[in-house]
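To keep things clear, I will list the structure first and then write my remarks on it.
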Amino acid sequence: VEGIDRLILLTDAAFNTYPDLKQKVQIINNSVMVAEACGIENPKVAPVCAVEVVNPDMPATIDAALLSKMSDRGQVDGPLALDNALSEEAAHHKGVTGPVAGKADILVLPNIDVANVMYKSLTYTAQTKNGGILVGTSAPVILTSRADSFETKVNSIALAALVSEGRK
């Protein structure tokens, strides 16, 4: 993403519709494996929600807090709103601290609605280089939208090859 100095991974824009907590744990494990295959050591994971505080009326914030508590190494920290997951300045202005605030490598989006809209928003409104794969299978599956560019499709193939090699 232009203006961001690191690779950002999104979950799950195409397959898991409304993952429960157990599925989100697996999604995080899979996305960490992808990040590591891409050369990101100890990727920082942000369960992204509309707000950065736990709100009992917002189930995604409860899941985010539980996922953070389940992380022994401090790699998962949330809930974080998108701005304070990506921007250290935004996190500072909002008083959000922690090991992931403003430094997220992986954005765990709460459901397919949010993830798909985020993916397409980035694709059509920002200068991005995209690629999509499905993991958690015996081999990475190349997963693109019918409307994706040729470059995105090639990036998806390259990403699948990179992850496949990293799993050996």
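Taking the residues in the range 77-107 that are touching a helix residue (DSSP H, G or I) at 6+ places or on another chain (Cβ under 8 Å) and free of Cβ contacts under 8 Å to residues at least 12 places away in the same chain as candidates, determine which candidate is farthest from V48 (Cα to Cα).
Taking the candidates together, the pick is T97.
Give me the pairs, please: first residue somewhere in the range 108-119 and within 16 Å of Q23 (Cα to Cα), second residue anywhere and in a helix (DSSP H, G or I), beta-carbon distance under 7 Å, and either six or more positions apart or on two chains.
Filtered contacts from the range 108-119: V108/K24; V108/I27; V108/I28; L109/A115; L109/M118; P110/A60.
Say whether the condition of being within 15 Å of the chain's Cα centre (by Cα), over 17 Å from L7 (Cα atoms) and surrounded by 14 or more Cβ atoms within 10 Å (Cβ to Cβ) is met by at least one residue in the range 140-159.
no
Checking the conditions here, which among K120, K94 is surrounded by fewer than 21 Cβ atoms within 10 Å (Cβ to Cβ), farther than 23 Å from N42 by Cβ and either touching a strand residue (DSSP E or B) at 6+ places or on another chain (Cβ under 9 Å) or among the acidic types (D, E) (or both)?
Result: K94 is the single residue among K120, K94 that is surrounded by fewer than 21 Cβ atoms within 10 Å (Cβ to Cβ), farther than 23 Å from N42 by Cβ and either touching a strand residue (DSSP E or B) at 6+ places or on another chain (Cβ under 9 Å) or among the acidic types (D, E) (or both).
Which condition number does A85 fail, the rest of (1) assigned to a helix (DSSP H, G or I); (2) open to solvent by 60 Å² or more (accessible area, probe 1.4 Å); (3) under 19 Å from V25 (Cα atoms) being met?
(2)
Which residues, counting only those in the range 6-40, are surrounded by fewer than 15 Cβ atoms within 10 Å (Cβ to Cβ) and hydroxyl-bearing (S, T, Y)?
If the condition is that a residue be surrounded by fewer than 15 Cβ atoms within 10 Å (Cβ to Cβ) and hydroxyl-bearing (S, T, Y), then T17, Y18 are the ones that fit.
If you take the residues in the range 123-138 that are not aromatic (F, W, Y) and not in a loop (DSSP other than H, G, I, E, B), which one is surrounded by the fewest Cβ atoms within 10 Å (Cβ to Cβ)? Before the answer, list the steps.
Initially, the range 123-138 is screened for residues not aromatic (F, W, Y), giving 123, 125-138.
From what's left, not in a loop (DSSP other than H, G, I, E, B): 123, 125, 133-134.
Numbers: T123: 15, T125: 8, I133: 24, L134: 16.
Residue satisfying both the conditions and the ranking: T125.
For the range 97-117, which positions are more than 11 Å from A46 (Cβ to Cβ) and open to solvent by less than 50 Å² (accessible area, probe 1.4 Å)?
If the condition is that a residue be more than 11 Å from A46 (Cβ to Cβ) and open to solvent by less than 50 Å² (accessible area, probe 1.4 Å), then P110, N111, I112, A115, N116 are the ones that fit.
How many residues are farther than 17 Å from I27 by Cα, surrounded by fewer than 17 Cβ atoms within 10 Å (Cβ to Cβ) and touching a strand residue (DSSP E or B) at 6+ places or on another chain (Cβ under 8 Å) if we restrict to the range 41-82?
Result for the range 41-82: 3.
The values are calculated or read from the model by the stated rules, or taken from the named source; none is laboratory data. Quick caveat, the model's predicted, so the values are computed rather than measured. Counting neighbours? That spans all protein chains shown, and the Cβs are built from the backbone with ideal geometry, glycine included. Heads up: the accessible areas ignore ligands, DNA and RNA and are worked out on the full protein's heavy atoms, side chains in. Shrake-Rupley method; radii C 1.70, N 1.55, O 1.52, S 1.80 Å.
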